[in-house]
Amino acid sequence: MSKTANQKLRILYLMQILLDHTDNAHKLKVNELMTRLNDVGITADRKTIYDDIEALRQFGVDIVMKKDMAYGYYVATRDFELPELKLLADAVQSSKFITERKTRELIKKLEGLMSKYDAGKLRRQIYVRNRVKSMNESIYYSVDTLHEAIYENKKISFKYSDYDVHKNRVFRRDGEPYIVSPAALTWSEEKYYLIAYSDERDSTIHFRVDKMSKVKILDEVRARKATYFKLAEYSKKVFGMFGGEEANVRLRINNKLIGGVIDHFGKDIIMIPDGDTHFTIQVSIALSPIFYGWLFQFGDLCEVLEPQSLKDDLKERAEAFIASL
């Protein structure tokens, strides 16, 4: 780029220098700003720097002049504070569905939102060894396509796969595409799921997005049941994203488990006191192995009152497990 062209971009270079190289603990004096601009082929006198800084302030950049022994200019506030970026970086790093390569790319982009000094703190903050990550790089494009299909009110097609013992992808249904009406995307148990309505099964089902491939938007309009889907209600019925036959379940639970009940069902769950040590709840639940496991983990702290069919089923499963020992 020519020197003249650089001069036209002077104020942009100045803003980038301030964003990259200053923060509350690091300031740049006017002569230092002039030197850094000169390094990219831009000449500027002190008055020009003052005028450009004032223009950047009017534009909305929070540039402060610190008048002390280490006086100089610095960017005082940013769109994201360091604690917020650490939180986002931790979420990216711990997310299993994000591949290692994409994790590095996203962290690098987050670092670009802070000074180079805080970027080093961020890298030290989020390093985690031996964390299991997804192997499916196409998930980001699949998520984007799924959101677009929901927005455009269209059905989708895709292939769905598992892994064999050799870690090779094996498509279900011999690679025949699934065709469903997408209802919502949700995050559960560190995994991304698509919740959709299937005309073929006449029911709501869900798929792990990292196991989906060749996602395409179809011309056909979504089923009406998908458009009226309510994620909040569905999440309370389903445990671990395992579907099953729905049943109205009444439970008698020890007060020690109040926190666990609220964690899953939310604060709006109606809890009726039953003596000094217990309470009862009545909820609609998708009966699944995950729900059974949720009940079994509490032992005698949680008792199924209704329906009788669930009590019988749990008893049979417990007896079968004991017999296998």
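The values are calculated or read from the model by the stated rules, or taken from the named source; none is laboratory data. Predicted model, so just to flag it, every value in this text is computed and none were measured. Ideal geometry is used to build each Cβ from the backbone, glycine not excepted, and the neighbour counts take in all protein chains shown. Keep in mind that these areas ignore ligands, DNA and RNA; they rest on the heavy atoms of the full protein, side chains included. Shrake-Rupley method; radii C 1.70, N 1.55, O 1.52, S 1.80 Å.
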message = Cβ contacts < 6 Å: first residue open to solvent by 60 Å² or more (accessible area, probe 1.4 Å), restricted to the stretch 224-236; second residue modelled with pLDDT of 75 or more and part of a helix (DSSP H, G or I), any location; separation 6+ or different chain. Result?
response = K236/F265
query = Does any residue of the stretch 27-49 turn out to be under 40 Å from the mean Cα position of the chain (by Cα), under 16 Å from S115 (Cβ atoms), among the basic types (K, R) and open to solvent by 60 Å² or more (accessible area, probe 1.4 Å)?
reply = yes
note = Within the stretch 60-81, the count of residues that are out of contact with any Lys or Arg (no Cβ under 7 Å at 6 or more places or on another chain) and either of a type in the set (A, V, I, L, M, F, W, C) or surrounded by 14 or more Cβ atoms within 10 Å (Cβ to Cβ) (or both) comes to 8
Those residues of the stretch 294-310 which are open to solvent by 40 Å² or more (accessible area, probe 1.4 Å) and within 16 Å of G244 (Cα to Cα), in sequence order = S309
request  = Kindly list, by first and then second residue, each pair from a residue in the stretch 40-59 that is without any contact (Cβ under 8 Å) to a residue 40 or more places away in the chain to a residue that is among the charged types (D, E, K, R), limited to pairs with Cβ atoms under 8 Å and residues at least 6 apart or on different chains.
outcome  = I42/K3; I42/R10; A44/R10; A44/D52; T48/R10
